[in-house]
Structure formats: structure tokens, C-alpha cells
Amino acid sequence: MDRSTIRALNVFIVLCTVTVAVYFGAFRGLFHYDDFSTILENPHLDGWQTFVGHLDHMVRPVLYGTFLLDRSLYGNNAAGYHLLNLLLHLGSGLLVYLILTRAGKDETPSVPFWTALVFLIHPITTETVTYISGRASGLMAFFYLFAFFLYIKASEQPDAGSLRRLYLSGAVVSFLLSLGSKETAVTFPLALMLWDLLIRRLRGTLLRTTILSGHLPFWIVLLLVAAWALLHPRYTALAQFSFTLRPFWDNALRELHAMAYALLLFYTPWNQNFDHDLPLLHSLFEWPLPLDLLVWCGLAVAAFVSVRRLPLLTFGISWFVLQILPTTVIPRNDLLSERNLYLASFGLLLAIVSLSSRFMQWLTTILPRPRLVRFGSASLATVLVLAFCLFTYQRNQLYRDKLSLWSDAVLKSPNKARPHNNLGHAYALQGDWDRAIEEFRTAVRLDPDYILAQQNLRNAYLHHVGRQ
């Protein structure tokens, strides 16, 4: 083996070892929240014949196909489900490394390794990896990145070569699988445009030729899937529900703040929460929207001024914004779910790592002791990696039982009804009816229209007094 192959193999071993060590505790995690209705109690997953019979009106068939496989192999054993989630996460991290090694050599060569490492161990990804139903984001991201990598490989081949057609066909299939895992994969053709504009620096005739020969198949697939979705009764119902959930302007303002708050979570992982409680904003002048707008304007300026000298920084910021667009434009019940940041996190972490690497390079040129600077930067990076590992380990511990997960959510979202209701359910499962009733009462007080909390409060009281 040549030196580059040995180096890549060593990198893969390090990335896999660290990730498995950090996420090993996730195998003790239980089923939570949507896992029951989505997987264990889903009648469509009772068998392969039932599953195939419902494909014509099923959303995310690729995702549910993996759940069907897990359910047939592991039944109610959550550890088996965690295995595939972890393997998908590992695969995505390795693809991040492989993609960035093809981004050119004008940036610091260590950027691919550090970006992949931080992506694999940062606690922001725990909801996707450790929460079993979070697999939708992880599965979509794996096929998305795999399609992206195959497209890059195709672009490296001669235009008329059979190998190029093979890579491009594989990328199209992988893109289709990504769409079948989660609908947010619709951004893929635009991500290709970002790569070819910012990293490959294609312009003019060459760019137009690349779009027609390389991008067009993905646009065709996207249009065909969109046409199918328009005729799909389930997607039609979901679209009607989403767009009547709240007014467009209110949703835009709330998501503006939600995504600015999401940026903060990358730096303050101790604020991570399974059920965030964000303010309902109605005017652009309500605090903290002016600050949020300033943050986004700052990011836009940074991306613009870095196009020539730091293309990876611009690409990273643009990737982050692109990947959060589907879940910000389309209204959802939850303004912020950390699993929706999974694929987007690759871009933000790339921007941070590339900027930090360039800053350290600059310090070595202006300070009299460059070796000391390199030692200091390596030490700081090691401390940050260890800190991320610790936070990820702690987040994974919360998934070991319902009481821990929802106690943490109540602590961080004390004025939101749903965490109190779910914590009350956790207490009820343990037979602690006094605390269960207290949490259900709090949920009803916070949201008098919360029907499920009302039912739970009634049932808990009847059970407590021995009438049920």
C-alpha cells in the first residue's frame, strides 16, 4: 500500500475507535417518545407482506424498511436498533472525511480529519444517533453524503468514460434512497451547485456543461419524486397540516430565532434539550430578533468575503444554511429539533475548523516560536475533543431511562406542557403516582387545551385512588 492509503486507513481506525468509545453507552438506551408509534406499535411493520402492501401510501419507505428489518431481527430489544444508527453515523463521518480530502490542497491538510472527528463526537448529533426515531436524519444524511461523494468521483473521471457513468448512476440511486429516508434531501442538487461553484470554481461554459451532464439527472429525479408526492394522499394531508399550522410571517420570525439559537447550541452543548421551548415572536423588533438578524447578516458577510481566500469557510456556511432551509420554510410543530441539525452541522463544523486552521497558520507566521504555537493549538484541540466526548457521553446517559430524559427536558423547558406530561408518564410507569399527578397537573395548567395531559391526569388519579 502507498503512503496515502496507509494514512487514510489510520484515519479511519482513529475515527471509528473514538466514535465507538463515545457512543458505546448508547446501546443501553431505551425506546422513547415516537419510537413506540413509529416502530413497535406500527401495524405496517408487522411483516414484509404487510409492509409491501402499504407501500403505495407510505411516506419515507426506505426509513421504514430499515425499521421493519430491525423489528424482524431484534423485536423489542433496543440495542439492535442502536447498532444501525451508530453504523450510519460512522459511515457519514467517514464520508465527510473522504469528501473534504477532494476539496483541494489550498486549505490546511488537517481540515478533513478534524472536521470529520468533531462531526462524529459533537453532542449535537446525539439526538440523531441515540434516539432511535432520529434515524430518519441519519439515514438521509448517509445516502446524501454517499451520493455527494459518488458525484465527486464521477466528476474526476473522463467525460465519456464508463466509470463516470457508473459513479453518476450510483449517485442518482443513492440520492433517491436519501429522498426515501427523509424529504429534506431535496436540497441535494443545490449542494452540487455549491461544490462546483465554490470548491471546483467552475464558471461559464464549463459550469453550464457540468450542470447539463452532471446535475440534470438529479433535477429530473427530484421533479419526478415531487410529482409523485403531489399525488400521494399522505403527503397532501401533511402539507395541508403544515401550511395551516401558523401564518407564514410568524413562522419565519420564530424560525429565524430558532436557527440562531441552534448556532449557540454548538458552543453551549449543556443547553441541549430533547424538547426545546422557544418564544412565540410576532414582530421583527421583538427581542432577541434584532440580535438574531445581526448574527445571520454576520454569517452572510463572512461567507461573501471568504469566497476567494477561504472557500471551505464559504462552502461550510452555505451548506449549513441550505440544509436548514426545508425545516425552517415549512412550518412544523416543533420550531427546533436537534436531529434536524445533523446534516447541517457538517457545514458549520467545517467552517469553524477551516477558519481555526487558517488562524493558527497565520499565528505561526507572525509569532517568533511557531513550534510553540502548533503545540498550543494541538493541546487546545485535544481539550475540546475531550470536552465534546464528555458532553456526548452525558447526553447518551439520559436515554437510558425515560425519567432521566424527561427530567432533563423539564429542567430546561419548565414552562412547556409536553415535557411535564411525558415526565408524568415516566413516573406513572414506575408507580410513583403522587409525582405523576403533580406533573400532569402542571402540564394541564400550562396548556389547558392539552387533551392527552387531561386524560393522563384523570387516569392517574383514578388509579391512585384504586378505581382503575
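The values are calculated or read from the model by the stated rules, or taken from the named source; none is laboratory data. Note that this is a predicted model, so its numbers are computed, not measured. Every residue, glycine among them, receives a Cβ derived from its backbone with ideal geometry; neighbour counts consider all protein chains shown. With ligands, DNA and RNA removed, areas are computed over all heavy atoms of the protein, side chains included. Shrake-Rupley method; radii C 1.70, N 1.55, O 1.52, S 1.80 Å.
Binning the C-alpha pair distances of the stretch 192-313 at 10 Å intervals from 0 yields a P(r) profile of 10, 22, 27, 33, 8 %, listed from the shortest bin outward.
Extension gain for Trp362-Arg102 works out to 91.3 nm (0.36 nm per residue, less the C-alpha to C-alpha distance). Once both labels are positioned 7 Å from their Cα atoms along Cα-to-Cβ, the gap between Phe24 and Ala387 label points is 2.5 nm. In the context of the full protein assembly, Leu176 retains an accessible surface of approximately 90 Å², using a probe radius of 1.4 Å and ignoring ligands and nucleic acids.
In terms of accessible area, using a 1.4 Å probe and ignoring ligands and nucleic acids, Trp270, Trp219, Trp319, Trp433 rank largest first as Trp270, Trp219, Trp433, Trp319. The Cys297 and Ile451 beta-carbon pair, evaluated with R₀ = 41 Å, returns a calculated FRET efficiency of approximately 0.45. For the chain, a simple Cβ point-charge model (Lys and Arg +1, Asp and Glu -1, everything else neutral) yields a dipole of about 1440 debye relative to the Cα centre.
When nucleic acids and ligands are ignored and a 1.4 Å probe is applied, Tyr235 ends up with an accessible area of around 40 Å².
Think of a 1.4 Å ball rolled over the protein heavy atoms: the stretch 319-423 then has 46 Å² of accessible area per residue. If R0 equals 56 Å, the separation of the Cβ atoms of Leu372 and Asp34 corresponds to a calculated FRET efficiency of about 0.65. Evaluating 6.51 cos²θ - 1.76 cosθ + 1.60 at θ = phi - 60° for every residue in the stretch 265-279, the Karplus couplings come out as 4, 5, 9, 10, x, 5, 8, 4, 8, 5, 9, 5, 10, 10, x Hz, glycine and proline recorded as x.
When the accessible area of the stretch 201-328 is split by element with a 1.4 Å probe, what percent falls to carbon and sulfur? Accessible surface attributable to carbon and sulfur in the stretch 201-328 totals 75 percent. Expressed as an acute angle from 0 to 90° and rounded to the nearest 10, what is the orientation of the C-alpha long axis of helix 311-329 relative to the principal long axis of the chain? In the chain, helix 311-329 runs at an angle near 30 degrees to the longest axis.
In the stretch 175-245, a dipole from Cβ-located charges (positive for Lys and Arg, negative for Asp and Glu) runs towards its positive end, and of Pro217, Trp195, Thr205 it is Thr205 whose Cα lies farthest in that direction.
With respect to the chain, whose longest principal axis is taken over its alpha-carbon atoms, helix 111-121 is tilted by about 10°. Our note on the geometry: Cα centres of the stretch 176-203 and the stretch 288-322, 18 Å apart. Between helix 216-231 and the chain there is an angle of about 20 degrees, using the helix long axis and the longest principal axis of the Cα atoms.
Accessible surface of the stretch 1-106, 1.4 Å probe: 62 percent of it comes from carbon and sulfur atoms. Placing a label point 7 Å from the Cα of Leu206 along the Cα-to-Cβ direction, the residues of the stretch 297-341 whose backbone N falls under 20 Å from that point are 307-315. Computing semi-axes √(5λ) of the Cα gyration tensor in Å for the structure here picks out one of [x] 38, 27, 23; [y] 36, 25, 20; [z] 45, 24, 20, namely [x]. In this simple spin-label model, placing a label point 7 Å from the Cα along the Cα-to-Cβ direction at both Leu216 and Ala239 gives a separation of 2.6 nm.
Taking every C-alpha pair closer than 8 Å and separated by at least 6 residues, the mean separation divided by the residue count of the chain gives a relative contact order of 18 percent.
Distances between every pair of Cα atoms in the stretch 301-364, grouped in 10 Å steps from 0 to the bin holding the largest one, split as 22, 42, 25, 9, 2 percent. When you restrict to C-alpha pairs under 8 Å that are six or more residues apart and normalise by the size of the stretch 28-115, the relative contact order lands at 25 percent. Each part gets one Cα centre, and for the stretch 349-390 versus the stretch 63-116 those centres are 26 Å apart. Across the stretch 432-447, computed HN-Hα scalar couplings (Karplus, 6.51 cos²θ - 1.76 cosθ + 1.60, θ = phi - 60°) run 8, 6, 4, 5, 4, 4, 4, 5, 5, 5, 4, 4, 5, 5, 6, 9 Hz from first to last residue, x flagging Gly and Pro. Between Trp228 and Leu73, the contour length at 0.36 nm per residue exceeds the Cα-Cα span by 52.7 nm. Label-to-label distance for Ala160 and Ser110 is 4.6 nm, based on points extended 7 Å past Cα in the beta-carbon direction.
Evaluated with a Cβ-only charge set (Lys, Arg +1; Asp, Glu -1), the stretch 10-169 carries a dipole of roughly 380 debye about its Cα centre, given to the nearest 20.
Taken one residue at a time, the phi angles of the stretch 200-211 give Karplus couplings (6.51, -1.76, 1.60, θ = phi - 60°) of 7, 6, 7, 9, x, 4, 5, 5, 4, 5, 5, 5 Hz. Gly and Pro are set to x. Exposure check, 1.4 Å probe, all protein chains in place: Trp249 carries approximately 140 Å² of accessible surface.
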